[in-house]
Amino acid sequence: MTTLIEPEEHKALREAVAAFATSHKDPATVWQDAAELGYIGVNLPEAYGGGGGGIAELSLVLEELGAAGNPLLMMIVSPAICGTVIARFGTDAQKQQWLPALADGSRLMAFGITEPDAGSNSHRITTTARRDGDSGDWLLTGRKVFVSGVDIADATLIVGRTEDARTGRLKPCLFIVPRDAPGFSRRRIDMELNAAEKQFELVLDEVRLPADALVGDEDAGLLQLFAGLNPERIMTAAFAIGMGRHALAKAVEYARERTVWNTPIGAHQAIAHPLAQAHIDLELARLMMQKAARLYDAGDDVGAGEAANMAKYAAGEACVKAVDQAVHTLGGNGLTREFGLARLITAARVARIAPVSREMILNYVSHQTLGLPKSY
């Protein structure tokens, strides 16, 4: 099921994306240009204009874009989370409406799950959806925070909760909320993060949605939710690995050329060994990411869940260390705009924090993998 060696088609895709990303000079057009080449929708079904691949191919694309300094955060959200959920669980009408547009880059979709008072505890989500008994419409009420790209997205896939008629307990459900829906408002969060995609707080005030805004089965609950969250973790790993590779490449180039005491600084083990270690850590994280992607694409949601969490953890740690070492290698130059590394210090932390903290991943592994008792 898994292999340590990339197949030839993946090698070819990696080379093509790397060539595109390194030669692309205009950040404003990189999304649409990548979409026209089939990269953005490489994981979506061919019947809807996608490449017919999976998360293995999409994560490869994001990694290479990031390694070239052109990371596309919305790839984690639009094709990976939203596109995957709709492709797996959406109605025929939802697939026809969204998948071709997500694949060709003409439309974007954001994803809203985190709430101010829920944090990492998705069981405490309070955004609720209730049926209007007369019309059959859904009415959504709640708040979301740290939602990326809402201003450029045509709709947001919102995680709400509906009441189970049999038990009275709340269960998670997914709804497509158009950007211009009445009662759906956003406020930009002022972040100390140099990223093209902005972060938003959302308010849903009795947002009325038609019955067909619900994605999938009302009773499927966590199954559908994790169909999107596992790709999110794998793609975040790809984002982090790409960023780490980008920083490391700049540091290696500098260490080869910067000469002090008549020899390049890269000849000194105090410089060379930490860079070598950063490379090793990134390679190891990539292997776990590839394993997670293969398991997910093979339909092993349980196995993919464990591997996706491990990949995200390993990649986040490797990225932070690689960026830190890159900045340190350049010394004062590492903090200048000219070399473009300082902005990665904050960005690298995102891979540790989002979409789930490293501590929650350690909780997952200790409980689910090792069978240790919970502390909460």
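The values are calculated or read from the model by the stated rules, or taken from the named source; none is laboratory data. Remember, predicted model here, so these are calculated numbers, not experimental data. Don't worry about glycine lacking a Cβ; one is built from the backbone with ideal geometry, like all the others, and counts go over all protein chains shown. In case anyone asks, the SASA skips ligands and DNA or RNA and just uses the protein heavy atoms, side chains included. Shrake-Rupley method; radii C 1.70, N 1.55, O 1.52, S 1.80 Å.
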Given (1) touching a Phe, Trp or Tyr at 6+ places or on another chain (Cβ under 8 Å); (2) under 13 Å from ARG233 (Cβ atoms); (3) surrounded by fewer than 19 Cβ atoms within 10 Å (Cβ to Cβ), number of the condition SER357 does not satisfy: (1)
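Would you confirm whether any residue within the range 291-309 is among the aliphatic types (A, V, I, L, M), within 21 Å of LEU60 (Cβ to Cβ) and touching a Ser or Thr at 6+ places or on another chain (Cβ under 6 Å)? Give the derivation first.
Here is the first cut: in the range 291-309, the ones among the aliphatic types (A, V, I, L, M) are 292-293, 295, 298, 302, 304, 307-308.
Next, from what is left, pick out any that are within 21 Å of LEU60 (Cβ to Cβ): 292-293, 295, 298, 304, 307-308.
Remaining after also requiring touching a Ser or Thr at 6+ places or on another chain (Cβ under 6 Å): 293.
Yes, some residue in the range 291-309 is among the aliphatic types (A, V, I, L, M), within 21 Å of LEU60 (Cβ to Cβ) and touching a Ser or Thr at 6+ places or on another chain (Cβ under 6 Å).
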Failed item in (1) free of Cβ contacts under 8 Å to residues at least 40 places away in the same chain; (2) small (Gly, Ala, Ser); (3) open to solvent by less than 10 Å² (accessible area, probe 1.4 Å), with ALA227 passing the rest: (1)
Residues that are surrounded by fewer than 17 Cβ atoms within 10 Å (Cβ to Cβ) and within 25 Å of ALA28 (Cβ to Cβ), drawn from the range 87-106: SER106
Test: residue in the range 289-299 that is acidic (Asp, Glu), more than 26 Å from GLY228 (Cα to Cα) and either surrounded by 13 or more Cβ atoms within 10 Å (Cβ to Cβ) or touching a residue at least 60 places away in the same chain (Cβ under 8 Å) (or both): no
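How many residues does the range 18-41 contain that are over 24 Å from ALA93 (Cβ atoms), among the hydrophobic types (A, V, I, L, M, F, W, C) and buried (at least 19 other Cβ atoms within 10 Å of the Cβ)? Show your work before the answer.
Initially, the range 18-41 is screened for residues over 24 Å from ALA93 (Cβ atoms), giving 18-34, 36-39.
Add one more test, that the residue is among the hydrophobic types (A, V, I, L, M, F, W, C), and what stays is 18-21, 28, 30-31, 34, 37.
Of the ones still in play, those that are also buried (at least 19 other Cβ atoms within 10 Å of the Cβ) are 20-21, 30-31, 34.
The total comes to 5.
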Selection from the range 79-121 of residues that are β-branched (Val, Ile, Thr), farther than 30 Å from TYR376 by Cβ and touching a helix residue (DSSP H, G or I) at 6+ places or on another chain (Cβ under 6 Å): ILE86
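State which residue is most open to solvent (accessible area, probe 1.4 Å) when the search covers only the range 230-252 and only residues that are hydrophobic (A, V, I, L, M, F, W, C) and touching a Pro at 6+ places or on another chain (Cβ under 8 Å).
So, considering only residues that are hydrophobic (A, V, I, L, M, F, W, C) and touching a Pro at 6+ places or on another chain (Cβ under 8 Å), the one most open to solvent (accessible area, probe 1.4 Å) is PHE239.
Can you name the helices (runs of 4 or more DSSP H) wholly within the range 49-123 that have at least 1 residues being over 16 Å from the mean Cα position of the chain (by Cα) and more than 21 Å from CYS173 (Cβ to Cβ)?
Values: elements: 55-67, 84-89, 92-104.
Answer list for the range 49-123: 92-104.
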Number of positions in the range 115-141 that are closer than 25 Å to PHE200 by Cβ, surrounded by fewer than 19 Cβ atoms within 10 Å (Cβ to Cβ) and touching a residue at least 24 places away in the same chain (Cβ under 8 Å): 9
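If we scan the range 309-316, do we find a residue that is of a type in the set (Ser, Thr, Tyr) and open to solvent by 20 Å² or more (accessible area, probe 1.4 Å)? Please lay out each step first, then the result.
Initial filter on the range 309-316 (of a type in the set (Ser, Thr, Tyr)): 313.
With open to solvent by 20 Å² or more (accessible area, probe 1.4 Å) added as a condition, the list becomes 313.
Checked the range 309-316: at least one residue is of a type in the set (Ser, Thr, Tyr) and open to solvent by 20 Å² or more (accessible area, probe 1.4 Å).
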Filtered residues of the range 257-288 (kept if closer than 12 Å to ALA314 by Cβ and touching a residue at least 60 places away in the same chain (Cβ under 8 Å)): ARG286, LEU287
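Checking the condition in contact with a Pro (Cβ under 9 Å, 6 or more places away or on another chain) and modelled with pLDDT under 95, which residue from ALA165, ALA155, ALA195 passes? Lay out the reasoning, then the answer.
Numbers: ALA165 fails: in contact with a Pro (Cβ under 9 Å, 6 or more places away or on another chain); ALA155 fails: modelled with pLDDT under 95.
Unique residue meeting the criteria: ALA195.
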Unique residue being over 23 Å from PRO71 (Cβ atoms) and touching a strand residue (DSSP E or B) at 6+ places or on another chain (Cβ under 9 Å) when the list is ILE152, ILE158, ILE189, ILE113: ILE158
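Conditions (1) over 21 Å from PHE226 (Cα atoms); (2) modelled with pLDDT of 95 or more; (3) open to solvent by less than 30 Å² (accessible area, probe 1.4 Å), marked per residue:
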site	(1), (2), (3)
ALA322	yes, yes, yes
GLN325	yes, yes, no
GLY331	yes, yes, no
LEU341	yes, yes, yes
ILE345	yes, yes, no
ALA348	yes, yes, yes
SER366	no, yes, yes
